[in-house]
Amino acid sequence: MSTEPRTVQVNVFVTKSLEIDEPDWCAGHDDRAQYKTDITHNGPEVSASVEIRRGLSDFLTAWISQAPYSELAPEPLPLLAIEVGGDIINLDPNGVHEFTATVRAHCDVLDRLAGELQRVRESEGR
């Protein structure tokens, strides 16, 4: 048996603070970034709300977002992040205009359905 001390290499996760530039619109950071590529700037969230039985329910939550160091980000410029059905889509200005046109068209459909519902209720004497 050897009397020499044994050594082994162990990978460790070392953290340290990193000073980065923060845009004026960023609402702050939550210290969850493990790597520089995880850093994301997020602006304040805005949501539409609707009253339901349990109170208010938010939908179409949106915020300006930028992941300046990510290799996976669609582009280095800020985008609008919109939460839709539990998924987050990131859109440039043209994409936002296309999205809002689709939402407006759907609201027109909902208005037509409300008219149809009113006719159904009236025909049933309600």
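Values computed for the structure shown
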item	result
Whether the range 18-91 is rounded, prolate or oblate, judged on the alpha carbon gyration tensor where a/c under 1.5 counts as rounded	prolate
Given 14 as the ceiling on other Cβ atoms within 10 Å, longest exposed-site-free region of the chain for GluC sites (Glu not before Pro) in DSSP loops	72-123
Given 12 as the ceiling on other Cβ atoms within 10 Å, longest exposed-site-free region of the chain for chymotrypsin sites (Phe, Trp or Tyr not before Pro) in DSSP loops	36-126
222 nm mean residue ellipticity, helices alone, for the chain (DSSP H n ≥ 4; -39,500 (n - 2.57); rounded to 500)	-9000 deg cm²/dmol
Whole-Hz couplings from phi, Karplus 6.51/-1.76/1.60, listed for the range 29-34; x for Gly and Pro	10, 10, 6, 9, 5, 8
Global form of the chain, assessed from the alpha-carbon gyration tensor, a/c cut-off 1.5	prolate
With Cα atoms, 0 to 90° folded angle of helix 93-123 axis to the chain main axis	40
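Values quoted throughout were computed directly from the atomic coordinates according to the rules given, and no laboratory measurement underlies them. In this text the structure is predicted, and so the values were computed from the model without any measurement. Note that each Cβ is placed from the backbone with ideal geometry, even for glycine, and that neighbours are counted across all protein chains shown.
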